[in-house]
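Following: one structure in structure tokens, then a few remarks.
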């Protein structure tokens with residue numbers, strides 16, 4: 001009787017041992033699978049109890065299993081603001097962070113400034129003594145923002161770029177690119193012997209051409225504080241020394257602006273583009289001013305679509321002579337005729 005009982009107990013222990021080994025093997029396989037899943041970079045989290053998918057309850061700050069309801073994590077941190085905003089103006093008003101860094105300022109916008117309002121935190125006007133004190137503080141704050149001649153140079157140049165870009169209606173991306181070009185010219189020592197205004201104007205002119213929103217040299221010369229000859233000479237020097245890759249200006253890039261200034265229809269604009277493409281296919285762009293070609297295409301397109309535009313009106317908008325418009329106009333019409341004959 002005792003031998004039978006002992007044999008039965010041994011058999012049970014061997015069976016339970018095999019079950020435990022099988023369970024451990026299955027567990028290790030499951031762990032290896034979960035590890036491999038994590039190593040594969042799957043975004044879904046797995047529940048440790050039922051292997052269900054975990055979801056995050058942002059309202060309660062908990063991570064729970066969608067299948068069995070197990071709370072895996074609680075007390076999560078809400079990294080968003082504690083306030084709500086329903087439009088962009090309210091969001092900007094409630095936000096307590098500063099503006100992003102920008103290369104359009106000599107210190108990249110990291111410094112602080114003292115406001116010009118002579119009022120305290122409650123909106124009350126300051127006394128005369130406090131106003132004099134704040135004036136002295138503003139003066140010293142302005143002096144400390146530019147600690148050396150290089151920063152003073154950069155501040156003056158970036159202010160000039162901002163002024164000209166606003167006058168020409170250039171976008172923010174062009175101003176950013178121009179500031180980068182000027183910073184490179186300053187760091188590589190290209191300014192000795194040249195004016196700050198000249199290099200700044202050349203940088204903005206090159207940035208506008210790189211961005212595909214060019215302005216003519218006459219437009220730059222009209223608002224710049226340097227002569228046209230100095231602008232062209234400085235521009236060629238900066239492009240050559242910095243190795244800037246700037247393609248020749250495309251006459252088609254001027255067409256939308258001229259058409260908008262003359263209040264012409266889309267049909268006229270499309271006709272002008274077609275004339276320019278025909279001329280380009282025949283090689284008439286080489287050696288010609290892109291502004292003159294664009295102005296002539298606008299004039300020719302307006303005539304072909306029966307819109308009343310005179311050469312003087314186009315000349316005033318494009319800032320080119322009427323003689324240039326007439327010469328380019330005849331060339332565009334001849335190219336159009338050759339294209340139709342072919």
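The values are calculated or read from the model by the stated rules, or taken from the named source; none is laboratory data. These numbers were taken from a predicted model, which means no experiment stands behind them. Cβ atoms come from the backbone with ideal geometry, glycine included; neighbour counts cover every protein chain shown.
Quick look at the values:
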{"quantity": "Residue list for the stretch 223-270, restricted to those being in contact (Cβ under 8 Å) with a residue 40 or more places away in the chain and in a helix (DSSP H, G or I)", "calculated": "223, 234, 237, 238, 241, 242, 251, 252, 253, 255, 258, 261"}
{"quantity": "Pair list, Cβ < 7 Å and 6+ apart or interchain, from the stretch 298-322 residues that are in contact (Cβ under 8 Å) with a residue 60 or more places away in the chain to residues that are outside any helix (DSSP H, G or I) and surrounded by 18 or more Cβ atoms within 10 Å (Cβ to Cβ)", "calculated": "319/216"}
{"quantity": "Verdict on residue 287 being outside any helix (DSSP H, G or I) and more than 30 Å from the chain's Cα centre (by Cα)", "calculated": "yes"}
{"quantity": "Failed condition for residue 204, given (1) assigned to a helix (DSSP H, G or I); (2) modelled with pLDDT under 95; (3) within 27 Å of the chain's Cα centre (by Cα); (4) over 21 Å from residue 321 (Cα atoms)", "calculated": "(2)"}
{"quantity": "Selection within the stretch 304-319 - closer than 19 Å to residue 280 by Cβ and within 37 Å of the chain's Cα centre (by Cα)", "calculated": "318"}
{"quantity": "Unmet criterion (only one of (1) surrounded by fewer than 24 Cβ atoms within 10 Å (Cβ to Cβ); (2) modelled with pLDDT of 90 or more; (3) under 19 Å from residue 273 (Cβ atoms)) for residue 212", "calculated": "(2)"}
{"quantity": "Selection status of residue 195, modelled with pLDDT under 95, within 19 Å of residue 102 (Cβ to Cβ) and out of contact with any helix residue (DSSP H, G or I) (no Cβ under 6 Å at 6 or more places or on another chain)", "calculated": "no"}
{"quantity": "Of all residues making up the stretch 112-142, the number that are in a helix (DSSP H, G or I) and touching a helix residue (DSSP H, G or I) at 6+ places or on another chain (Cβ under 9 Å)", "calculated": "0"}
{"quantity": "Residue 157 vs. criteria under 29 Å from the mean Cα position of the chain (by Cα), part of a helix (DSSP H, G or I) and in the same structural domain as residue 225 (by TED's automatic domain parsing)", "calculated": "yes"}
